[in-house]
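Some notes on the structure that comes next.
The values are calculated or read from the model by the stated rules, or taken from the named source; none is laboratory data. What you see is a predicted model, and the numbers here were worked out from it, not measured in a lab. Cβ sites come from the backbone with ideal geometry, for glycine too, and all protein chains shown count toward neighbours.
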Amino acid sequence: MTTAKDLFIIAMDLKHSVGQGDLSLALAGAELIDLIGAGTVAVDGDRIVPGAPPTLDDRFMGEAAAGLTRQAPYERIEDWLWRRGRDLTAAYQADLEENGELKAQRSGRLSFGSEHVELVDTPARRRAADRWEEKEPVLAALASVVGIDDERSDDETGLDDEAVTTVVAAVHDAVMELEAVRQRRTIENAAFANLWRGP
């Protein structure tokens, strides 16, 4: 189990309305934190410094490690989040569906109704729920960044690793930047619509 998979499961399980872009950035951050925990990378300022190539039994972690920039000056954390996070939510969803951990549910009585997915009761789902119930600091901090509230104030995150704190802060900044882009597009679209409508 990885923190990213746990975060994806929690987001699905609690049925919070989380933007795919926000969640993708947080999933990339979760992968990076697990790579730090495995000793695969270190953080130097705002840069990701890769160590020895790891032996990872998780496909997504292997892909994340393989995608690291291994030459100085190393990649900035925020740049890596944007690059690695592209479509990551969809990739995790497809993987869980492929492994039978998500199943399609149809809403409404008619068979051609709109389709959505629900989690199957699996050991992975129970482990993620246990971490959430225990308010595991990294999982709680990343969930909070994407708006999944565990009723804990910001000064109670309990993160005691400087590298992990740096990554969580970078995820937070990236999510805020994405929200700013969304708001700017909304304003531009509204202005464009008004222009067409005329006075």
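Things worth noting here:
- Among (1) touching a helix residue (DSSP H, G or I) at 6+ places or on another chain (Cβ under 8 Å); (2) more than 24 Å from A180 (Cβ to Cβ), the one test that A26 misses: (2)
- Any hit, the range 102-123, residues being surrounded by 12 or more Cβ atoms within 10 Å (Cβ to Cβ), at pLDDT below 95, of a type in the set (A, V, I, L, M) and closer than 19 Å to L25 by Cβ: no
- Test result for V18, modelled with pLDDT of 95 or more, surrounded by 15 or more Cβ atoms within 10 Å (Cβ to Cβ) and at negative phi: no
- Some residue of the range 37-45 being in contact with a Pro (Cβ under 6 Å, 6 or more places away or on another chain) and of a type in the set (S, T, N, Q): yes
- All conditions but one from (1) within 17 Å of A170 (Cα to Cα); (2) crowded, with 21+ Cβ neighbours inside 10 Å; (3) of a type in the set (A, V, I, L, M) apply to A42; the one that does not is (2).
- Residue match in the range 71-83 (condition: of a type outside the set (G, A, S), farther than 17 Å from T166 by Cα and at pLDDT 95 or above): yes
- Enumeration of residues in the range 1-15 that are crowded, with 24+ Cβ neighbours inside 10 Å, in contact with a Lys or Arg (Cβ under 8 Å, 6 or more places away or on another chain) and either among the acidic types (D, E) or at pLDDT 95 or above (or both): D6
- Inter-residue pairs, beta-carbon under 7 Å, first more than 18 Å from G37 (Cα to Cα) and part of a helix (DSSP H, G or I) and in the range 143-167, second modelled with pLDDT of 70 or more and aliphatic (A, V, I, L, M), 6+ apart: A143/L7; A143/I10; V145/A26; V145/V168; V145/V171; V145/V175
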